[in-house]
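Heads up, the thing below is written out as structure tokens.
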Amino acid sequence: MRYTSFTSYDVVLLAQGLGVSLALFLTTTVIGLLLGTIWAVIRFYRVPVLSPLIAVLAELLKNSPVLVQLFLVFFGLPALLKINVTPVEAALITLSGNTAAFIYVIAVSAIESIGRDQIESARVFGLSRWQVLRHIIAPQAMAFAIGPLTGLLVNQLQVTSLISVIGVVDLTKIGNILNLRTLKPFIVWTIVGALYYATAKLVAFGGATLEKRLRAHSAWKGL
Amino acid sequence: MIRARGVRKSFGSAAVLDGIDLDVHGSEVVSILGSSGSGKSTLIRCMNGLEKLDAGSITIDDFDVSLPKDLAEARKRSATVFQLFNLYPHMTALQNVTLAPIQVLKRSRAEAEATARSLLDSVGLGARADAYPAQLSGGQRQRVGICRALAMNPRYLLLDEITSALDPEMTAEVLSILAQLAKTGTTMVFVTHEIEFARTISSRIVFLDKGQLVVDLPTEEFFAAEGGMARPRISQFLSKMRKD
Amino acid sequence: MKPVSLLLGSRLTFDVTILAPHVPFLLKGALLTAEACGLALVGSLAIGFLVAALRTSSSPLLSRAAFVYVDLFRNIPFIVQLFFFFYGLPEIGIYIDAFSTGVIALSIAGGAFSSDVIRSGILAIDPGILEAAEVSGLSKPVIFRKIVMPIALRTSIRPLGSVFINLILTSSILSTITLNELTGSAKIVASDTFRPFEVYAVLLVVYASLTYLVSLAISALHRHLNRDRMPEVA
């Protein structure tokens, strides 16, 4: 490609890239939250076979590079199952799974922070397991988990940048495209970095606000 | 000598030291008594330069602790033992004692270790030289603290409530070491609650009250009925401390 | 060796033995990963201690500057930082190979994370210990080297271990700047053998085992550095 300088259309490109990154981030966060929480609940109920299987899976996902997980899904799965996996599908699967593994860890320690005795005393009062989960555990675990959760999400936002490597046209991929076209790496990567930074700060701010609100809520309930 | 003139120090609006004049001459053992909050510890912390004076001056052998260039020399001539020992937790007893001699006095390691070992021996810790602070009892830690101070071969030993954190048995083992030191002619400034002990080893007693030095008398006079005891504030304090 | 193959229906095969001829090549990649991570660990710790010292210093300007560095490099994706250096440095006349660029980028990012950990280790030091060091006449650099650094290091060895494990996982991203470390070599093997699933599945397990071994080593190091707090064996 012949190099050309920046055009006003590049702003649109950057906005599109940011949009793709954010859309994948939000989608995989929601799926990861659901999946991770379900895994934690399975562990809470000590479901045989599934429970240890999930523990191993979470360890593997937490302790291996996301890039390798992406390659496994994007290149590996189609070869193994003779199916077609698009870059976006691979990104969705990998990021959701990876987020779920970390959510699982946070959710498990949040549930543990409540203590079995409290749970057992609730059972003594005749609440069903589901009621205990819904009314005793969930609200407390939520208040406990929101801090680590915010940290995780700031991190997972950055992890989304890796999907550019398998060809998803996210913010980083747009950076690559602009970098090749303009040959002005410092400007391009500074702008891309600044956009990620601003988004990360927004996520952190949102988390902090939510935490404050949850704290206020639980303080009021305590009276 | 240590010379304090018009020393003032306040934290926020509270005046902790309110114009202190005090001279400590060579070979003297001066005990500083006073209720808690009287400013005793702050006075020691001003002497070793841990607190900045608001007004007045403190000199150690004519080196002004308020001047950065003098402070280093003043600190070489004095050494402090702390209430909470403040040993370096990652170093053995021996390393605690040798660090400053090697780094500040530029002694060779062999020389510093020989000195340290004989000091630790003299306080009954010869066999514990390679133990870490966490492995020692409170009394043992404070004895290491004393060795660490003595290893600098100081002219003046500043002792800041060194037995307050110890139980009576450990207090006794630490005080017996001080009694030996007093006999060797080491100059000491001793902030303490141990009135009976202060009486036995001090040559002078200084009494602080609300940041002011209200009495400065030779030990015998201080405890004499017509001397310090004649002052209601002191007899009150002493009888209260003896009761505790 | 008996071939370990798992038949999943007639069309699905999972056979890791096809990787055997490529093990030496992969080991070379693993060695490069180890080298890069080892160097980056040293770099991260050096930067981490320096920045932690600046952040805890009494100068508002220095501590502010240190904070900005940490905040930036913690909140921008590593791959963006890496591209910034990889494509940017030649632009200003600095020509270094991909390996050096990778080590530098890893050190800078790792330094930001380490400095946070080390900083809390420094802030947790009992001020009385520092006062004792100060009145004994030790100079500030000596106090930092002999007292502050070792105490902060031993209290923060576990969180530093997590930073290091993250560094190892992050090093896989160096494959995107033409560096054939472990992930880069695996990519080559995957395209040579047309067996990407086996390659990446094994790679995933290799990384997980590697980080598990590192975490064991960190626990041992933690116990060694804090051995004085363990009950003594008489």
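The table for this structure:
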item	result
Cut-off 14 Å between beta-carbons: net charge of the residues surrounding B:Ala114, Lys and Arg +1, Asp and Glu -1	0
Paramagnetic label zone (point 7 Å from Cα along Cα-to-C-beta, A:Gln131; backbone N under 12 Å) in region A:88-123	A:122-123
Charge dipole (debye, nearest 20) of the protein assembly as shown; +1 at Cβ of Lys and Arg, -1 at Cβ of Asp and Glu	1280 debye
Cα centroid of region A:131-171 to Cα centroid of region A:76-92, whole Å	24 Å
Cα-based shape type of region A:9-221, given that a ≥ b ≥ c are square roots of the gyration tensor eigenvalues and the cut on a/c is 1.5	oblate
Region A:80-186 pair-distance distribution - Cα-Cα, 10 Å bins, rounded %	13, 28, 22, 18, 12, 5, 2
Charge context of C:Ser115, other residues only, Cβ under 15 angstrom, K/R +1, D/E -1	+2
Point-charge dipole on Cβ atoms (K/R +1, D/E -1) for region A:9-221, about Cα centre, debye to 20	320 debye
Qualifying chymotrypsin sites (Phe, Trp or Tyr not before Pro) for region C:59-164 [loop in DSSP, other Cβ within 10 Å: at most 15]	C:Tyr95
Spatial separation of Cα centroids for region B:167-244 and region A:39-53, in angstrom	68 Å
Share, in percent, of DSSP beta bridges within the protein assembly as shown that are antiparallel, nearest 5	60 percent
Mean Cβ neighbour count within 10 Å, used as a protection proxy, ranking C:177-186, A:13-22 highest first	C:177-186, A:13-22
Chain C, relative contact order in percent, only Cα pairs under 8 angstrom and at least six apart counted	26 percent
Farthest positive-ward along region A:9-221 dipole, Cα basis, beta-carbon charges - from A:Leu77, A:Ile114, A:Gly175	A:Ile114
Listed residue (B:Phe223, B:Val206, B:Ser235) projecting farthest to the positive dipole end of region B:200-244, Cβ model	B:Ser235
Listed residue (A:His135, A:Leu92, A:Ser64) projecting farthest to the positive dipole end of chain A, Cβ model	A:His135
Length-normalised contact order for region A:9-221 - Cα pairs under 8 Å, 6+ apart - percent	29 percent
Span-rule helices in chain C, defined as complete DSSP H runs reaching 24 Å or more along the axis (Cα) with Kyte mean at least 0.5	C:23-55, C:98-123, C:196-225
Highest-fluctuation residue, B:Val189, B:Val16, B:Val30 considered, GNM on chain B with Cα pairs under 10 Å	B:Val16
Rg in Å to one decimal, and Dmax rounded to a whole Å, for the protein assembly as shown via C-alpha atoms	33.0, 111
Only Lys, Arg (+1) and Asp, Glu (-1) charged, at Cβ; region B:147-244 dipole about Cα centre in debye	220 debye
Residue among A:Glu120, A:Glu112, A:Glu211 with the largest mean-square fluctuation in a Gaussian network model of chain A, springs linking Cα atoms under 10 Å	A:Glu120
Range of Cα positions in region B:102-228 per principal axis (Å), largest first	54, 31, 27
Cα gyration tensor, region C:34-225 - rounded (a/c under 1.5), prolate or oblate	oblate
Gyration tensor verdict on region B:205-244 (Cα atoms; rounded if a/c is under 1.5, prolate if a/b is larger than b/c, oblate otherwise)	oblate
Modelled FRET efficiency - R0 22 Å, B:Thr200 with B:Ser27, Cβ distances, 0.05 increments	0.85
Order by protection proxy (mean Cβ within 10 Å, highest first), peptides C:207-215, B:66-74	C:207-215, B:66-74
Relative contact order of chain B, pairs being alpha-carbon contacts under 8 Å that are 6 or more residues apart, as %	26 percent
Computed E for C:Ser162/C:Leu27 - FRET, C-beta separation, R0 30 angstrom, nearest 0.05	0.70
Fluctuation leader among C:Ile108, C:Ile165, C:Ile96 - chain C, Gaussian network, Cα springs under 10 angstrom	C:Ile96
C-alpha center-to-center spacing [region A:19-35, region B:68-135] in angstrom	58 Å
Axial C-alpha extent at least 15 Å, average Kyte-Doolittle at least 1.0 - helices from chain A (DSSP)	A:9-44, A:50-62, A:87-114
Pairs from B:Lys9/B:Lys69; B:Lys183/C:Lys140; A:Lys184/A:Lys212; A:Lys212/B:Lys52; B:Lys52/B:Lys106; B:Lys106/B:Lys210 whose Cα-Cα separation, in the structure shown, is over 32 Å	B:Lys183/C:Lys140; A:Lys184/A:Lys212; A:Lys212/B:Lys52; B:Lys106/B:Lys210
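Values quoted throughout were computed directly from the atomic coordinates according to the rules given, and no laboratory measurement underlies them. In this text the structure is predicted, and so the values were computed from the model without any measurement. Every residue, glycine as well, gets a Cβ built from its backbone with ideal geometry; the counts of neighbours run over all protein chains shown.
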